[in-house]
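See below for the structure under consideration.
The values are calculated or read from the model by the stated rules, or taken from the named source; none is laboratory data. Remember, predicted model here, so these are calculated numbers, not experimental data. So basically every Cβ, Gly included, is an ideal-geometry build from the backbone, and we count neighbours across all protein chains shown. Ligands, DNA and RNA are excluded from the accessible area calculation, which covers all protein heavy atoms including side chains. Shrake-Rupley method; radii C 1.70, N 1.55, O 1.52, S 1.80 Å.
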Amino acid sequence: EGTAATAAAASPQSSAPWYKSRRNLWNLPNLLTMFRVMLIPTFAAVFYLPQVGGILSASVFVLAAITDFLDGFLARKWNLCSPFGAFLDP
């Protein structure tokens, strides 16, 4: 009788959307971290562009800083801290 209700109460994350799921490795904070990792070669390539390299590389850096703040904030707010996320974003 109470097993279904007990199971639902024991795992509140089971009905969470994909971006908030603890079971899903690709939740939103981890996706933001992976996006930031992919910005590294973009930053390096843009840095060496003549004339506009400084402005564009600064823009990529600011975007990376925003995603760094956002992924940490969301991971703590949604209780999605994981060993994978801690490894990629210490």
For this session: Leaving ligands, DNA and RNA out of it, report the carbon-plus-sulfur percent of the accessible area of the range 29-79 at a 1.4 Å probe.
Result: 77
Problem set entry | Extension gain, Ala16 back to Val37 (0.36 nm per residue minus Cα-Cα distance, nm) | 4.9 nm
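Need the full-extension length gain, Leu70 to Ser82, defined as separation in residues times 0.36 nm minus the C-alpha distance. One decimal, nm. Walk me through the intermediate numbers first.
Working: separation 12, 0.36 × 12 = 4.32 nm, distance 1.55 nm.
This chain segment gains 2.8 nm when fully extended.
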Seminar exercise, completed: Residue-ordered couplings for the range 73-90, obtained by feeding phi - 60° into the Karplus form 6.51 cos²θ - 1.76 cosθ + 1.60 and rounding to whole Hz (Gly and Pro as x), are 4, 5, 4, 6, 5, 8, 6, 10, 5, 9, x, 4, x, 5, 5, 6, 9, x
Exercise. For the range 37-52, in order, what is each residue's ³J(HN,Hα) by Karplus, 6.51 cos²θ - 1.76 cosθ + 1.60 with θ = phi - 60°, in whole Hz (x at glycine and Pro)?
Worked result: 4, 5, 6, 4, x, 5, 4, 5, 5, 5, 4, 8, 6, x, 6, 9
Exercise. If the label point is 7 Å along Cα→Cβ of Leu25, which residues in the range 60-90 have backbone nitrogen under 18 Å from it?
Worked result: 80-90
